[in-house]
Amino acid sequence: MIILGIESSCDETSAAVVRNGRELLSDIIATQIDIHKAYGGVVPEIASRKHVEAIIPVIEQALKEANVTKDDIDAIGVTYGPGLVGALLVGLSAGKALAYAWRKPLVGVHHIEGHISAAFLENKDLEPPFLCLVVSGGHSHIIECRDYGDFKILGRTEDDAAGEAFDKTSRVLGLGYPGGPAIDKHAKLGNPDAIHFPRVHMGDTLNFSFSGVKTAVLNYVNKAQMTHAEINTDDVCASFQKAVTDILTENTMKAARQTGFKKIVLAGGVAANSALRASLKKACDKNGFKLYYPSPVLCTDNGAMIASAAFYAAQKGRFSGTDLNAYANLSIEGLNG
């Protein structure tokens, strides 16, 4: 079964062709990072307009690179939420139009379900059930993946997502947007134990809170500037990054012990962070768990992960009509219901 996947939830316009949920035939991504850098973050209206410009050329390139035509496509998967509504509507409109014109089934895909499915593209042995830590600019979730399309949220952020905290910290330090790669780069040159930033524990829950560590960095920088003290940017980045990765790793290990899962998946944009990968790998090896994560290019928003998720949804008969709408906020629980 060959799926065309379309993703446009934020600032990447992407289309991909995937066979049977696992075999990547093409994955085209048109990023807007350079455009939004000037604003220090994604501007929704600009993102939507750029998606309109890119969506058809990206889809055409994905089909060409996969060496397939519309007649080879069995279904079309498209992100319908969560995300920026204007951006979502561009990809969704394209997917619905193609499904109608080509007379192909349409599969609406939850964005987080897509991130989880990215791990299937490079790990042929990975099958549910497993535990997944999804960390990105908009999401920080610990999810119990019971089966394909069957999810239960065990923990989530109560304020900022991890990626959002990276972006805001980067802005405070004058490192620009996006913050994740910039902080990761500087952190490799710094001492992670130079400054103690807070690790917030939300009682007995598996929830996260990153607003405190973000504020602690802001206060540290403001105090240094007022007292004319030198700021070692590398040390600040390394110490901040360690605070975030420590709590992400700790809560994930706690969830694994509570649920009994031996397989752990790391997904989402922040999954490309080298320190988080290393921290989770060390903890998994210590506790006898097996860790899976995609290549960095598949951690970012991409059509391949949507096509993979759409395949498994189609296997369960989870198709959508042309009345499918876009939703800025959408829970991943209850997709099968």
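Just a few scattered comments:
- Ranking 187, 329, 66 by Cα position along the charge dipole of the chain, where only Lys, Arg, Asp and Glu carry charges on their C-beta atoms, puts 187 farthest toward the positive end.
- The chain - mean residue ellipticity at 222 nm from DSSP helices (-39,500 (n - 2.57) per run, n ≥ 4, rounded to 500): -14000 deg cm²/dmol
- Ranking of 202, 305, 253 by neighbouring Cβ atoms within 10 Å, starting from the fewest: 202, 253, 305.
- Taking the square roots of five times each eigenvalue of the Cα gyration tensor of the chain, the equivalent ellipsoid has semi-axes of 34, 23, 16 Å, listed largest first.
- Here segment 127-293 has an Rg and Dmax of 16.0, 55 Å, counting Cα atoms alone.
- Separation of segment 52-77 from segment 252-294 is 34 Å, based on Cα centroids.
We did not get these values from a lab; they are worked out from the coordinates using the rules stated. This structure is a prediction, so every number in the text was calculated from the model and none was measured. No Cβ is skipped: glycine too gets one built from the backbone with ideal geometry, and neighbour counts run over all protein chains shown.
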